[in-house]
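In what follows, a structure is listed as structure tokens, so that the remarks can point back to it.
Please treat every number below as a calculation from the coordinates, not as lab data. Quantities reported herein were computed from a predicted structural model and do not represent experimental measurements. Because the Cβ atoms are built from the backbone with ideal geometry, glycine has one as well, and the counts that use them run over all protein chains shown.
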Number of protein chains: 2
Amino acid sequence: MQKSMEKRLESAGWRVGDAADFLELTDEETAFVELKLALADYLRDIRVKHGWTQTYVARVISSSQSRVAKMEAADPSVTVDLLVKSLLALGASRLEVGRVIARAA
Amino acid sequence: MQKSMEKRLESAGWRVGDAADFLELTDEETAFVELKLALADYLRDIRVKHGWTQTYVARVISSSQSRVAKMEAADPSVTVDLLVKSLLALGASRLEVGRVIARAA
DNA sequence: TGACAGTATGTCAGGTCTGATATAACTTGA
DNA sequence: TCAAGTTATATCAGACCTGACATACTGTCA
């Protein structure tokens, strides 16, 4: 695993220390977090591409600015459900969502 | 929308009546439910293909038989998170999950 | 430097989801 | 038909997630 990914995982609220510590994450857990990170990144991409603020996005998806920030950070308190619903609310298609998830890790 | 899909949505706990009632479901909501149904169907496919019982799957994913049944029925009380985690626990890859979601509605 | 817009982080009450349990319904073979 | 195996449905306490709010941080412009 690359350092950059470890950093993302850490800031996403997952402890990633030395090799021994890292073994605490099973393959499934890693896959799940990466999947969440992919959705989170995509959410930010869409927002930035359109020049929207987190506050604006929050209004569109009936949430709050702070939660949008947490979503983009793939915070552990954010579910895949919320990410997917948000993406759909912002106009992304089911096909798009699937492709984002399927993108090679 | 086909009758068969309306039936799936209904049994998944979503009210689908006449045309007017149907309008209560927004496009996003429909896309989200269909996404869940796709994951649910895939979970059942994997299980049946391997000849596993719901009880066995429950043990593998550290859950209960009743919840596996609800998952396969795409019950409203089941989240996408749970479906995705379960699929990953059963050996499905992130790529596979993405493809299932992306499959044309 | 200050003021401002935007983003990040911490907290929490209320609502939702989860595994577990009980039990009903369905299938299949003898 | 009965019994055993499997799946479906109902319920609930405890765990978790959510939007909202407060506040801190960051960048930018004058």
| Space enclosed by the convex hull of the alpha-carbon atoms of segment A:27-102, per residue, Å³ | 77
| task | Using the 7 Å Cα-to-Cβ label point, sort the distances from A:ALA69 to its equivalents in the other copies shortest first and give them in nm to one decimal. | result | 4.5
| Pairs beyond 30 Å (Cα-Cα), from A:LYS85/B:LYS7; A:LYS7/B:LYS49; B:LYS49/B:LYS70; B:LYS49/B:LYS85; A:LYS7/B:LYS85 | A:LYS7/B:LYS49
| said: Please compute the modelled spin-label separation between A:GLU29 and B:ASP45, points set 7 Å along Cα→Cβ, answer in nm with one decimal. | reply: 3.0
| task | Using the number of other C-beta atoms within 10 angstrom as an exposure proxy, rank A:VAL57, B:VAL80 with the fewest first. | result | B:VAL80, A:VAL57
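Order by neighbour count: B:LEU90, A:LEU83, A:LEU95, fewest other Cβ atoms within 10 Å first, most last.
A:LEU95, B:LEU90, A:LEU83
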| message | Counting only other chains, and only Cβ atoms inside 10 Å, what mean value do you get across the residues of B:89-100? | response | 5
| Estimated FRET transfer efficiency (A:LYS7, A:LEU95; beta-carbon r; R0 30 Å; 0.05) | 0.50
| query | When the Cα centres of segment A:42-83 and segment B:53-82 are compared, how far apart do they sit, in Å? | reply | 29
| field | Residue order, fewest to most beta carbons within 10 Å, for B:ILE61, A:ILE101, A:ILE46 | value | A:ILE46, B:ILE61, A:ILE101
| remark: Between B:ALA69 and A:SER64, the FRET efficiency computed from the C-beta separation at R0 = 35 Å comes out, to the nearest 0.05, as 0.50
| remark: Calc'd 3J(HN,Hα), segment A:82-95, phi into Karplus 6.51 cos²θ - 1.76 cosθ + 1.60 (θ = phi - 60°), Hz, glycine/Pro = x, comes to 5, 4, 5, 4, 5, 4, 4, 5, 8, x, 5, 8, 4, 4
